[in-house]
Structures are given as C-alpha cells and as structure tokens.
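Read through the structure below, which is laid out as structure tokens, and then see the notes.
The values are calculated or read from the model by the stated rules, or taken from the named source; none is laboratory data. Values in this document were obtained by computation on a predicted structure and should not be read as measured data. Note that each Cβ is placed from the backbone with ideal geometry, even for glycine, and that neighbours are counted across all protein chains shown. Surface accessibility is based on the protein's heavy atoms, side chains included, excluding ligands, DNA and RNA. Shrake-Rupley method; radii C 1.70, N 1.55, O 1.52, S 1.80 Å.
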Amino acid sequence: MKNLKKLNKSESVAYIGLFSAFAIIISYIEALIPINIGIPGIKLGLPNIVIVLAIYLIDNKAGIIINIIRVLVVGILFGNAFSIIFSMAGALVSYIVMILVKKIKNVSMLGVSVCGGVTHNVAQLIMASFVADTYSISYYMPFMIIGGLITGVIIGIVAMLIYNRCRNIN
C-alpha cells in the first residue's frame, strides 16, 4: 500500500474524501442497526474505526478534518442541531485525547481507541449537562465510562485488524 504519510496535496484531499465517505456510510449503517442495551445514548461508534485508522495511516490533520466532516454531514442528513452539538463535543475532545495518548510510548492502537471511547462519552455527558443546565445527569457517568471502555476495545481491535491488513498490501 502506498505510504499515506507521504501524500502530495491532491492525494491527501482524495484520501480525506474517501475516509470521510467511509465514515459517513458506516454512520448510516450503524443508525440502521437496532442495538438496544438498555442504556440511552450508548452506540458502538463504528465510524471511529475510520478515525483511528486515519490517525495511524494518514496524519493528525487529516483525522480531525475527517472527523468534522463526518459529524456535520451525518448531523445534517440524519440528526438535528443537538445531535451535531453533542457529536462534535465528543468527537473533538476524544480526538485530542487520542492524539495525546498516541504520543505516549508503548500505548497501542487499542489503548488509544479505549481512551477515545471513554472521553467521547464523558464529553457528550458534560455537554448534555450544560445544554440541560443541570448536573443531575452525572449519575449516568459510570454507565457512559463502561460503555466507552467496551466500545473502545471493540473499535480498537477492529482498527488494528484493518491496519495490519492495510500495511501488508503492496
């Protein structure tokens, strides 16, 4: 596979578009999957597979662009202003945390993904507290942290499998 870290400007734009499209399609597919584990707001976060891969395959700048495009397009097509606000809060905070955690020596892609999953949920809950102007929903925090841990592990494992396959393509 071509080294995506050494792309020219045109190739970079093309890959950002491609990764963004994948993330949007996966978001739509995830919305169609009826997963109800009894905890409102908990989703698998399958589009984050694309974001984690972008961090490792392309670069940090491309990853944030893909993340913002995904949140805006999915919010406009399938959500509303509140879903955009909550998703953007979770996406930006978790992205920053993933970039910082990735810089720590010996932290794997799985560790990066788990940190992203947890902070995504925590950031959304904090944003919900501000929007609702109440902190009484903080009781929900343990459930969101556990949900972020579980989904972060799933996303991390899938991202690692895809990453290892992509690295071996000639």
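Of all residues in the range 66-83, those that are within 14 Å of the chain's Cα centre (by Cα) and either under 21 Å from VAL118 (Cα atoms) or open to solvent by less than 40 Å² (accessible area, probe 1.4 Å) (or both) total 6. A single member of LEU53, LEU44 is of a type in the set (A, V, I, L, M) and not in a helix (DSSP H, G or I), and it is LEU44.
Of all residue pairs spaced 6 or more apart or on separate chains, those with beta-carbon atoms under 7 Å, a first member in the range 103-121 that is more than 14 Å from ILE157 (Cβ to Cβ) and a second member that is polar (S, T, N, Q) are THR119/SER94; HIS120/SER94.
Give the residue, chosen from ILE126, ILE99, ILE137, that is touching a residue at least 12 places away in the same chain (Cβ under 8 Å), more than 28 Å from MET160 (Cα to Cα) and surrounded by 15 or more Cβ atoms within 10 Å (Cβ to Cβ).
So the residue among ILE126, ILE99, ILE137 that is touching a residue at least 12 places away in the same chain (Cβ under 8 Å), more than 28 Å from MET160 (Cα to Cα) and surrounded by 15 or more Cβ atoms within 10 Å (Cβ to Cβ) is ILE126.
Cβ separations smaller than 6 Å between residues 6+ apart or across chains give no pair from the range 25-54 residues that are over 22 Å from ILE69 (Cα atoms) and buried (at least 17 other Cβ atoms within 10 Å of the Cβ) to residues that are modelled with pLDDT under 85 and hydrophobic (A, V, I, L, M, F, W, C).
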